[in-house]
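Q: Can you read through this structure? Questions will come right after.
Each reported figure results from applying straightforward, stated rules to the coordinates on display, with no laboratory input. What you are looking at is a predicted structure, and each value in this text was computed from that prediction instead of being measured. Cβ sites come from the backbone with ideal geometry, for glycine too, and all protein chains shown count toward neighbours.
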């Protein structure tokens, strides 16, 4: 994970995409205040997508995956642990960086804690799905575009409801659905990803 | 019963005459259903002539969901019993399902422009249908990206099963987010809301789409099995 640029790659994507947005939209404050906050979610989704490619590929290449399979711990648990670690080094920093980025995109100050919390939950949903995408494409060279195509449909619900929270529509319901997405992805993701990794190591 | 037909050799003999039969049925049903739907059936009292788009749109939508469900079942069989024919079936069905989904999206857009006054709206049904189309594309792309065919089959099967989550979301999207797309009007509590004069052409077209799918699926599967045989005999010759 550190070899692929580590912490800075997703943060760079996130801040970069969020900086280009107001430049493309022009400095109109009213327009930015309505359209800006949801765009935080596009930046976050792209940032996570960009880091998924090497998540299991590196393990497959250097033999770490074989060691993981030889371990007494079930592969599903190891994959879950890997997802949790990924959340700590990518998801949590993204959520925290969401605060200055949302302020720059004209989100109201009193909504910032909520946006940060939602980004943290949404990152867990992205990563749960991303584990599956990364696992099924681990053996594919230059699989980045393929991963993006595979995870895109599953990134849609967190983006929809996360963006609703960011723009302050029906916040409570949207937050509950976002939590549901994260829980569902965390429950299913490690099992599907572990099943795919077993095939990759055969 | 299923395991009897799941033998590849038996499938080849059976499909040799079953696929032309299905394609023939599709031809007859399209020959009957198309003029019935596009000229003979009555125009809608509100939608006018544009209602005729429905006879293409609705069957394509039904079967694009149905084909994905079938691929899900084949994927499960492939993962649990490691059956080669199930892999071939799921892989061969995907391009047909993707095409049906594309037909559904394009005809829906053509119908929406005069009726709703918009080519595209990000409502629940339209978005989830687009998501299904992208899932189809991702599934096909994964199959093509992995070189080892057995591994590709089972990785794609895992992806297909995960993607099944989208089917109920599409089905109930019109009830959960009652925005633009109308809710179900044929299979619903209290009977169908569609006039009987429209049911005839609709079900004929649905039957035509299904027969077309079944016929094309068998053609695709036969081509895939032939290709495998050619490849394995080439490997044998190279080794000899």
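Q: Which of the helices (runs of 4 or more DSSP H) found entirely inside region A:64-183 contain at least 2 residues meeting this: in contact with a helix residue (DSSP H, G or I) (Cβ under 7 Å, 6 or more places away or on another chain) and within 12 Å of chain B (Cβ to nearest Cβ)?
A: Per the criteria, A:112-136, A:144-166.
Q: Now for a separate question. In the list B:142, B:132, which residue meets the criterion of being under 19 Å from residue B:68 (Cα atoms), at the interface with chain A (Cβ under 7 Å from one of its Cβ atoms) and surrounded by 21 or more Cβ atoms within 10 Å (Cβ to Cβ)?
A: Unique residue meeting the criteria: B:142.
Q: Given the structure, is residue A:131 farther than 14 Å from residue A:44 by Cβ, over 19 Å from the mean Cα position of the chain (by Cα) and buried (at least 21 other Cβ atoms within 10 Å of the Cβ)?
A: Judged against the criteria, residue A:131 is not a match.
Q: State all residues of region A:188-202 that are more than 10 Å from every other protein chain (Cβ to nearest Cβ) and free of Cβ contacts under 8 Å to residues at least 60 places away in the same chain; if no residue qualifies, say none.
A: None - no residue of region A:188-202 is more than 10 Å from every other protein chain (Cβ to nearest Cβ) and free of Cβ contacts under 8 Å to residues at least 60 places away in the same chain, so the list stays empty.
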